[in-house]
1. For the stretch 196-257 and the stretch 87-159, what is the separation of their Cα centres, given in Å?
2. Could you pull out the trypsin sites (Lys or Arg not before Pro) across the stretch 63-168 that fall in loop regions by DSSP (anything but H, G, I, E, B) with no more than 10 other Cβ atoms inside 10 Å?
3. Going Cα to Cα from K195, which aspartates and glutamates come in below 15 Å? Please leave out same-chain ones fewer than 8 positions away.
4. Give me the aspartates and glutamates in straight-line cross-link reach of K222: C-alpha distance below 18 Å, same-chain residues under 8 apart excluded.
5. Estimate the FRET efficiency between Q52 and Q227 by the formula 1/(1 + (r/R0)^6), using the beta-carbon distance for r and 41 Å for R0, to the nearest 0.05.
6. Hey, if we sort T47, T65 by accessible area with the 1.4 Å probe, largest down, what's the order?
7. Let's test the formula: R0 of 51 Å, r as the Cβ-Cβ distance of R151 and D73. What FRET efficiency results, to the nearest 0.05?
8. Under the 0.36 nm per residue contour assumption, what length would be gained going from the current alpha-carbon distance of S202 and V158 to full extension?
Amino acid sequence: MTDRVSFWERIGFRSVGGIAEAGWGRTLVVAVVSFIYFLPVLFIIFTAIKPQGLALSVPPTLSPTSFFGLIPDQFVFTPTLDNFASVFSRVMTAGGQPESTGFDRFFFNSIVIASASVLLALVIGTLAAYGFSRYPLKGNDTYLFIILTTRMLPAIVVIIPVILMFRAVGLSGSYLGIIMLYTAFNLAFTVWMMKSFFDELSTDVEDAARIDGSSEIKVFFKICLPQVIAGLAATFVFGLILTWNEFLFALLLTGPDTRTVPVAMNQAVSSGGRGTDWTLLAAIETLFLVPIFLATFFLQDHLLRGVTFGTVRK
């Protein structure tokens, strides 16, 4: 007697036997949902490669290609890379000569500030998380909650005392000041994330290493740390995204030489007094996505393991 196959199994929405690869039905649904989520990003990229006059054209130009005649010609535009060149050098005033916009410096600032602050938070937070996990104090949960409260307050609540402190110690407009501030705000997230990864590790191997004479430093670096590489990658990417997109602190605490891309974007809103240049703004946003995309792409294997770590109990 053969097993009956249900309708949902027949169309690929349910596995025929236990856990298996997703059928074409599930794959199709995931592809459609993913495309819907990616559509705004695709719209920005297409706007970045449009000629300036077509950004708000009616009827709208939707695609750089007709896809073998599937899209009518009135909805097709000729792509250009001029907008990306204008990000770094363009005419600022009518009849003037092209001038440097300084965006090469702004991108450098964003990369240095975001990377340095996240890496510092990762080093300090990982050590703290290991201590909270392996050597809990009396009232351990209370200390962890106090650390978490530093992320509960909106930036607008703490910005005034932070500005006053920065001015008092002379850190306004400096790399050191903004990196220290971002590191402090990323610490709570890092400690909580990494503590959860350390809590999932079995302590049997660590105890065996201690019995064999390994020091605590060796246990941490040789046994524990290699097992939470996925957690480090996931924490790094999430922290990088939070810092990369931060606007308020960067707006009020950076100077002309330390300004980041989110703050500098308002310089590109108007183009020579002719109104908002949407294609230029889209080009900046497209370039702004590239570092985060590359970091996520190269860490995707660890990232997938990191975000699912501990979800399945043995």
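The values are calculated or read from the model by the stated rules, or taken from the named source; none is laboratory data. As the structure is a prediction and not an experimental result, all values here were calculated from the model. Cβ: placed from backbone, ideal geometry, glycine included. Neighbour counts: every protein chain shown. Protein only, heavy atoms only, side chains kept; ligands, DNA and RNA dropped before computing areas. Shrake-Rupley method; radii C 1.70, N 1.55, O 1.52, S 1.80 Å.
1. The stretch 196-257 and the stretch 87-159 have Cα centres spaced 16 Å from each other.
2. Values: sites: R90, R105, R134, K138, R151, R167; in loops: K138.
Passing sites in the stretch 63-168 are K138.
3. D141
4. D199, E200, D204, E206, D207, D212
5. It comes to 0.20.
6. The residues order as T65, T47, largest area first.
7. Numbers: r = 52 Å, r/R0 = 1.01.
Computed FRET efficiency for R151 and D73 comes out at 0.50.
8. Here the segment from S202 to V158 would lengthen by 11.9 nm.
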